[in-house]
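Chemist: Below you'll find the structure I mean.
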Amino acid sequence: MSQWDIDVHGVALVLTDLSTQIGLEGDGFSATIDTTADGIDMALTNVKSPPVEAALGGFLGHFTSQTNAMFTRSLSCLQGANDAALAYSQGQEEMAAEAQSQAGTGFNLDLGPDAPATPGGPR
């Protein structure tokens with residue numbers, strides 16, 4: 001007998017809202033990442049000082065790796081919550097628990113060999 005009591009419809013509403021905020025359709029957090037990277041890239045193109053250029057280049061590298069990891073982990077959490085709610089609604093509580101345990105790790109995403117590294121997840 002399960003101790004879970006999940007409102008699958010409520011989960012679907014939250015996941016839809018979060019996918020919009022993350023920017024799965026190209027807006028939200030995803031657009032902010034792209035706009036910021038474009039701005040830094042433009043600054044790199046126009047800067048005429050080697051020390052400033054080196055600092056901006058280092059920051060862009062750090063910014064890119066950190067935001068890629070944040071985006072991937074967020075996507076993994078969304079996928080894990082979706083998979084867990086779906087398995088739960090189908091009465092597959094063991095699969096729901098497995099999906100829940102993989103949420104946020106990146107193991108539940110098929111990002112291909114060129115995917116950014118995810119802390120705790122595959123490369």
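Chemist: Being at pLDDT below 90 and surrounded by 11 or more Cβ atoms within 10 Å (Cβ to Cβ) is true for just one of Leu44, Leu24. Which residue is that?
Modeler: Leu24
Chemist: Right, here's the next one. Gly57 passes all but one of (1) surrounded by 13 or more Cβ atoms within 10 Å (Cβ to Cβ); (2) closer than 28 Å to Met95 by Cα; (3) not basic (Lys, Arg); which number fails?
Modeler: Gly57 satisfies every listed condition except (2).
Chemist: Of all residues in segment 65-89, which are surrounded by fewer than 15 Cβ atoms within 10 Å (Cβ to Cβ) and either within 18 Å of Leu15 (Cα to Cα) or in contact with a Lys or Arg (Cβ under 7 Å, 6 or more places away or on another chain) (or both)?
Modeler: Within segment 65-89, just Ser89 meets the criteria.
The values are calculated or read from the model by the stated rules, or taken from the named source; none is laboratory data. All values derive from a computational prediction rather than experimental measurement. Reconstructed Cβ throughout: ideal geometry from the backbone, glycine too, with neighbour counts over all protein chains shown.
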